[in-house]
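This report refers to the structure that appears directly beneath it.
The values are calculated or read from the model by the stated rules, or taken from the named source; none is laboratory data. Bear in mind that the values here come from a model prediction, so they are computed numbers and not experimental data. All Cβ positions, glycine included, derive from the backbone under ideal geometry; neighbour counts span all protein chains shown. Surface areas here come from the heavy atoms of the whole protein model, side chains and all, with no ligands, DNA or RNA. Shrake-Rupley method; radii C 1.70, N 1.55, O 1.52, S 1.80 Å.
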Amino acid sequence: MFPLTHSLTAQKLIENPGARAILGSVFPDLANVIGLHRDETHEMGLDFYRFCHNHYQEHLDFARGVISHGANPQGLDFYADQSFAGQNQGYCFQRGSIIVDQVVKTCGIPKQMGLWKAHNFIEMTYDVITAERYPYLLQDFQEALADKDAIEDCSMILGKYFQIDRGKIKAAFLKMPEFFCLNEVTPLHLAEKYALQLQKRHGIYQADPPAMAEVLAEARDLVEDEFMPFMDGVYERLCQLMAQFPK
């Protein structure tokens, strides 16, 4: 999922959530920016929780935010990306398969990238719905990114855990507004940010944001009625998961 949907999940799961919980809930998607593999950050939850429990107990809300995001243990992205409803694909891949052709055409990408990028369109659509239904999340996210102490602390802990430069991690948090739509969350703004990601990550400059926005509108028609059933069902499972990782 994209940042606002992850933030929503963490805030529902974690008692008295603050900046650290929000930052933890989005950190796994910054892997590429800091030179890590996606699987490293999406499967770090258990070990990182133990690391924080042993050395930084006052930051367990940050570790729990990471767990809420990941794939192993089975956080939100397990159900979004890896397995949902007994299938070997996550929910966003299942729904994204319907719009692959449109995504390939409007993003100007090779066909082999189509399904992965189409699943991102479903994720972006969930952020549109999340922003509309829970508008307070935008301010909460902005406040988290403006919390210098929280970003310093989280970057320091991650730097020690991964044995990498904390400055690189801090920069990744602060650059989030450049690559993710965290203000005025509309299909067009999301498409423009995604086109920038395609340029930076893949060297693809053929994306057509207005046409991509039309595909996002089509994606919304596919999933809007499923938003609450999916989120409520995952939330119920994540409540059971988080009970294994007390603060």
**OP:** Would you check which residues across the stretch 179-201 are open to solvent by 80 Å² or more (accessible area, probe 1.4 Å) and in a helix (DSSP H, G or I) and list them?
**Re:** Glu192, Lys200, Arg201
Subject >> Residue that is farthest from Ala172 (Cα to Cα) [pool: residues in the stretch 28-49 that are open to solvent by 20 Å² or more (accessible area, probe 1.4 Å) and outside any helix (DSSP H, G or I)] >> reply: Glu43
Original post:
What's the number of the condition Ile169 fails, among (1) modelled with pLDDT under 95; (2) open to solvent by less than 20 Å² (accessible area, probe 1.4 Å)?
Top reply: (1)
**OP:** From (1) of a type in the set (Gly, Ala, Ser); (2) open to solvent by 30 Å² or more (accessible area, probe 1.4 Å); (3) in contact (Cβ under 8 Å) with a residue 40 or more places away in the chain, pick out the condition that doesn't hold for Ser25.
**Re:** (2)
**OP:** Tell me which of these Glu214 doesn't satisfy, since it passes every other one: (1) under 28 Å from Gly35 (Cβ atoms); (2) open to solvent by 60 Å² or more (accessible area, probe 1.4 Å); (3) touching a residue at least 60 places away in the same chain (Cβ under 8 Å).
**Re:** (1)
Original post:
Among the listed residues Leu241, Leu222, which satisfies the condition of being in a helix (DSSP H, G or I), over 16 Å from the mean Cα position of the chain (by Cα) and closer than 21 Å to Gly18 by Cα?
Top reply: Leu241
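Residue under question is Thr5, and the condition is that it be of a type in the set (Val, Ile, Thr) and either in a loop (DSSP other than H, G, I, E, B) or surrounded by 24 or more Cβ atoms within 10 Å (Cβ to Cβ) (or both); does it hold?
Numbers: of a type in the set (Val, Ile, Thr): yes; either in a loop (DSSP other than H, G, I, E, B) or surrounded by 24 or more Cβ atoms within 10 Å (Cβ to Cβ) (or both): yes.
The answer is yes for Thr5.
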**OP:** Could you please find all residues in the stretch 112-135 being more than 17 Å from the chain's Cα centre (by Cα) and either among the hydroxyl-bearing types (Ser, Thr, Tyr) or under 14 Å from Thr9 (Cβ atoms) (or both)?
**Re:** Arg133
**OP:** From (1) surrounded by fewer than 16 Cβ atoms within 10 Å (Cβ to Cβ); (2) not in a helix (DSSP H, G or I), pick out the condition that doesn't hold for Ile204.
**Re:** (1)
